[in-house]
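Structure first, then comments.
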Amino acid sequence: MKYIIPGYVEIERNGERTLVTSNLLKNKIKLTDFLIRQEFDDIVKAGGCDDISTDLTRLLYEQEMLQTRQEIDKIVCSLKERMNKSLLLTIMPTEACNFRCPYCYEPHENITMTSDIVEQIKKYIQNMIDKFDNLQISWFGGEPTLCENIILDISSCVKELQTVRKFNYAATMTTNGYLLNIETFIKFYEVGIRSFQITLDGWSHNETRPHISGIRTLERIIDNLRKISTLSSEYEYNIIIRHNILDGDQDFSWYDYLSSLFAKDKRFSILVALVSDWGGTLVGSMPILEGKNRKQLKYAHQAYIKKIGLTLYE
């Protein structure tokens, strides 16, 4: 019988450690012992192994990172079945944005949903929801908070529908956070939006994420997040603070600052992301990380975040 490493398993090597991650189950294994790493590399080179007789192979098998073809097919089939029971919607209420980030690939045309489209989305959800057990809405843009009324309208419709028809509902939002004051946050929270991703680009934030008018944006976003963090523990939300890094970004004092604000609040976590060239007119002139330096600098940021006690989002 042949045991192989499934395609949903990601392998990252960094110096004296190998990180093995299941993108399906979201579990991780860190290998640091030289002989264990060598054994793992031998398994990868051989395309798998014939038995699970060692400590490493047993661990990989228990974590479903080393499986037979039949077991992988069964897992994938189960995943497809779960996905078929979930309605996943990404809604962009507008393509407009109040920021002009140089690494952004979007043209930011001033196009916003009409009331007719809003009604069609609500009707679509009403007509489709009986076919699914789960509904997940991701709010994206442009900048979605420019359309607060549209978000509240559709979300309120979903909440009302949930009282009549039984389904699980979750909603997330990717926002720059500039308009996300505590009053708006509570409105979104009450209609089921409980997870937010907000980008704060360190001490260079005001240069990499300027307002369309050219004014500074960092201080206002930080003030918004500070006030949101004062909400009681009854508010069960998740805020992911994303930090986009460029070549040479090694001033970790930014994380010390975030730690002083949010380290005690586990509703906040930090995501380190690498700026890439996805198009646009200005990103090509920015110092984008290349080659091995991409992962090495990212690992350094992540290690420091863990060291000072912040919650790392991986």
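Just to check your reading of the model, which residue among LEU146, LEU135 is hydrophobic (A, V, I, L, M, F, W, C), in contact with a Phe, Trp or Tyr (Cβ under 6 Å, 6 or more places away or on another chain), modelled with pLDDT of 95 or more and under 18 Å from ILE193 (Cα atoms)? If you could, list the steps in order and put the result at the bottom.
Working: LEU146 fails: in contact with a Phe, Trp or Tyr (Cβ under 6 Å, 6 or more places away or on another chain).
Just one listed residue meets the conditions, LEU135.
Please go through the stretch 269-298 and give me each residue that is assigned to a loop (DSSP other than H, G, I, E, B), under 22 Å from PHE252 (Cα atoms) and modelled with pLDDT under 75, ordered by number.
Step one: of the stretch 269-298, the residues assigned to a loop (DSSP other than H, G, I, E, B) are 275-282, 286-291.
Okay, now just the ones that are also under 22 Å from PHE252 (Cα atoms), so 275-276, 286-291.
LEU289, GLY291, listed by residue number.
Of the residues that make up the stretch 233-245, is at least one small (Gly, Ala, Ser), part of a helix (DSSP H, G or I) and at pLDDT 90 or above?
If we filter the stretch 233-245 for residues that are small (Gly, Ala, Ser), which is where we start, we get 233.
Still in the running and part of a helix (DSSP H, G or I): none.
The answer is no, given that none of the residues of the stretch 233-245 is small (Gly, Ala, Ser), part of a helix (DSSP H, G or I) and at pLDDT 90 or above.
Rundown of residues vs (1) surrounded by fewer than 17 Cβ atoms within 10 Å (Cβ to Cβ); (2) in a loop (DSSP other than H, G, I, E, B), yes/no style:
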{"site": "THR18", "(1), (2)": "no, no"}
{"site": "LYS26", "(1), (2)": "yes, yes"}
{"site": "SER53", "(1), (2)": "yes, yes"}
{"site": "LEU88", "(1), (2)": "yes, no"}
{"site": "CYS97", "(1), (2)": "no, yes"}
{"site": "GLU106", "(1), (2)": "yes, yes"}
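Can you run down the residue pairs with Cβ atoms below 9 Å, 6 or more apart or on separate chains, where the first is in the stretch 108-122 and of a type in the set (D, E, K, R) and the partner is open to solvent by 70 Å² or more (accessible area, probe 1.4 Å) and not in a strand (DSSP E or B)?
Qualifying pairs under 9 Å: none.
Before we move on, is LEU225 in contact (Cβ under 8 Å) with a residue 24 or more places away in the chain and part of a helix (DSSP H, G or I)?
Numbers: in contact (Cβ under 8 Å) with a residue 24 or more places away in the chain: yes; part of a helix (DSSP H, G or I): yes.
The answer is yes for LEU225.
Is at least one residue of the stretch 59-68 within 28 Å of the chain's Cα centre (by Cα), among the charged types (D, E, K, R) and either assigned to a helix (DSSP H, G or I) or buried (at least 16 other Cβ atoms within 10 Å of the Cβ) (or both)?
First, the residues of the stretch 59-68 that are within 28 Å of the chain's Cα centre (by Cα): 59-67.
With the extra rule that they be among the charged types (D, E, K, R), the set shrinks to 62, 64.
Imposing the further condition that a residue be either assigned to a helix (DSSP H, G or I) or buried (at least 16 other Cβ atoms within 10 Å of the Cβ) (or both) reduces the set to 62, 64.
The answer is yes; a qualifying residue exists.
If you go through the stretch 241-267 one residue at a time, how many are of a type in the set (A, V, I, L, M, F, W, C), open to solvent by less than 20 Å² (accessible area, probe 1.4 Å) and more than 16 Å from ASN181 (Cα to Cα)? Break it down stepwise before answering.
Here is the first cut: in the stretch 241-267, the residues of a type in the set (A, V, I, L, M, F, W, C) are 241, 245-246, 252, 254, 258, 261-263.
When the remaining residues are screened for being open to solvent by less than 20 Å² (accessible area, probe 1.4 Å), the result is 241, 245, 254, 258, 262.
Still in the running and more than 16 Å from ASN181 (Cα to Cα): 245, 254, 258, 262.
Number satisfying all stated conditions: 4.
Yes/no matrix, rows are residues, columns are (1) in contact with a Lys or Arg (Cβ under 6 Å, 6 or more places away or on another chain); (2) modelled with pLDDT of 90 or more:
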site: TYR3; (1), (2): no, yes
site: LEU35; (1), (2): no, yes
site: GLY48; (1), (2): yes, yes
site: VAL76; (1), (2): no, no
site: GLU95; (1), (2): no, yes
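Need the failing condition index for GLU314 against (1) touching a residue at least 24 places away in the same chain (Cβ under 8 Å); (2) among the charged types (D, E, K, R); (3) open to solvent by less than 90 Å² (accessible area, probe 1.4 Å); (4) out of contact with any Asp or Glu (no Cβ under 9 Å at 6 or more places or on another chain), just the number.
(3)
Within the set of pairs 6+ apart or on separate chains, which have a first residue in the stretch 195-206 that is under 14 Å from HIS301 (Cβ atoms), a second that is of a type in the set (Ser, Thr, Tyr) and not in a strand (DSSP E or B), and C-beta atoms under 6 Å apart?
Correct list of pairs: ASP201/THR208.
The values are calculated or read from the model by the stated rules, or taken from the named source; none is laboratory data. Predicted model, so just to flag it, every value in this text is computed and none were measured. Here the Cβ is made from the backbone with ideal geometry for all residues, glycine too, and neighbour counts use every protein chain on show. The accessibility values were calculated without ligands, DNA or RNA, using every heavy atom of the protein model including side chains. Shrake-Rupley method; radii C 1.70, N 1.55, O 1.52, S 1.80 Å.
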